[in-house]
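Structure, as structure tokens:
The values are calculated or read from the model by the stated rules, or taken from the named source; none is laboratory data. If you're wondering where the values come from, they're calculated on a predicted model, not measured in any experiment. Positions of Cβ are generated from backbone atoms using ideal geometry, with glycine treated the same way; all protein chains shown enter the neighbour counts. For accessibility, only protein heavy atoms count, side chains too; no ligands or nucleic acids. Shrake-Rupley method; radii C 1.70, N 1.55, O 1.52, S 1.80 Å.
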Amino acid sequence: MNFTNIEFAIENDIARITLNRPESANTISVELAEELLQAAIVCDGNTAVRAVILTGKGRFFSGGGDVQSFAAAGESAGLLLRRITAPLHAAISRFARMDAPFVTAVNGTAAGAGFSLAIAGDVIIAAESAKLTMAYTKIAMSADGGGSFHLPRLAGLARAKELMLLNPVLTAGDAQQRGLVTMVVPDADLLKKANEIAATLALGPTRAYGEVKRLLVDSFHHSLEQQLALESRSMSTLADNTQDAREGFQAFVHKQAPKYAGR
């Protein structure tokens with residue numbers, strides 16, 4: 001697929017997505033959001049994709065929404081935001097529910113929707129120099145990109161209010177201490193570490209990963225009994241319908257390393 005606002009490639013069962021508006025701090029335009037959705041659709045629908053990495057090109061992960069375009073839109077800013085958030089939110093939903101684990105590699109500043117997109121990862125790796133800030137209310141806006149969903153789940157409600165009302169700028173270390181980042185690595189090692197983790201995940205039981213992701217994303221909406229029923233159904237479905245489950249059972253019994261095929 002030919003993209004201009006993102007770079008997209010699939011190699012060795014890993015999809016790599018790079019936000020590609022470095023001259024604009026990788027801010028999210030209508031075109032970038034639409035291309036991100038197309039990439040998410042491919043990742044979700046292609047069984048050969050067994051892990052996904054998202055990062056930014058240049059010094060920024062993403063500066064969030066393209067505020068200059070909001071200002072230029074004047075009274076049509078609301079329409080512009082609808083055109084951006086519709087594909088952006090559809091992409092984030094697919095990343096959350098697809099089988100392939102979603103690894104975000106935060107290479108620089110992640111602000112606003114960039115922050116929201118960063119913490120949407122199943123595994124979130126930040127470079128030591130990365131900075132994260134919500135920043136929405138600084139321009140009299142509320143959150144998008146799933147920020148109001150993921151942030152309280154990761155950091156708790158009190159911390160979420162602090163980050164969304166006071167807009168502190170977090171270092172990568174601060175973000176890790178608040179539970180927002182899985183790990184922090186030297187800048188030079190960021191993509192290497194992201195590739196290592198994605199490669200490990202790509203050798204794993206992809207269908208099981210997907211079931212775990214979907215169980216977790218919905219868990220706050222269910223009673224204990226509803227969640228238990230979903231867990232039972234999920235495990236039974238994997239046992240009935242996946243080669244990997246049978247491989248896992250046999251490898252455990254015979255004390256061998258499993259060889260998962262992702263199906």
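Taken as a whole, the condition of being surrounded by 17 or more Cβ atoms within 10 Å (Cβ to Cβ) and over 26 Å from residue 86 (Cβ atoms) applies to residue 194. May I ask you to verify whether residue 161 is over 30 Å from residue 263 (Cβ atoms), in contact with a Gly (Cβ under 8 Å, 6 or more places away or on another chain) and modelled with pLDDT of 95 or more? In short, no.
The single residue among 217, 181, 185 that is at pLDDT below 95 and either on the phi < 0 side of the Ramachandran plot or surrounded by fewer than 15 Cβ atoms within 10 Å (Cβ to Cβ) (or both) turns out to be 217.
Number of residues in segment 28-44 that are free of Cβ contacts under 8 Å to residues at least 40 places away in the same chain, open to solvent by 10 Å² or more (accessible area, probe 1.4 Å) and not charged (D, E, K, R) equals 1.
Picking from residues in segment 1-27 that are open to solvent by 10 Å² or more (accessible area, probe 1.4 Å) and of a type in the set (Gly, Ala, Ser), the one that is nearest to residue 117 (Cα to Cα) is 25. One residue stands out among those in segment 53-82 that are touching a strand residue (DSSP E or B) at 6+ places or on another chain (Cβ under 7 Å) and aromatic (Phe, Trp, Tyr): the one that is surrounded by the most Cβ atoms within 10 Å (Cβ to Cβ), which is 61. Residues that are in a helix (DSSP H, G or I) and crowded, with 21+ Cβ neighbours inside 10 Å: does segment 45-52 have at least one? No: zero hits.
Flag set for residue 35, criterion: acidic (Asp, Glu), at pLDDT 95 or above and touching a Phe, Trp or Tyr at 6+ places or on another chain (Cβ under 8 Å). For segment 47-61, check the following and say yes or no: at least one residue is in contact with a Gly (Cβ under 6 Å, 6 or more places away or on another chain) and under 15 Å from residue 116 (Cβ atoms). Checked against the condition, which is being in contact with a Gly (Cβ under 6 Å, 6 or more places away or on another chain) and under 15 Å from residue 116 (Cβ atoms), segment 47-61 yields at least one hit. Looking across 134, 164, one residue alone is out of contact with any strand residue (DSSP E or B) (no Cβ under 7 Å at 6 or more places or on another chain), without any contact (Cβ under 8 Å) to a residue 40 or more places away in the chain and under 22 Å from residue 59 (Cα atoms). It is 134. Can you confirm whether segment 149-157 contains a residue that is surrounded by fewer than 24 Cβ atoms within 10 Å (Cβ to Cβ), among the charged types (D, E, K, R) and without any contact (Cβ under 8 Å) to a residue 60 or more places away in the chain? The answer is no, given that none of the residues of segment 149-157 is surrounded by fewer than 24 Cβ atoms within 10 Å (Cβ to Cβ), among the charged types (D, E, K, R) and without any contact (Cβ under 8 Å) to a residue 60 or more places away in the chain.
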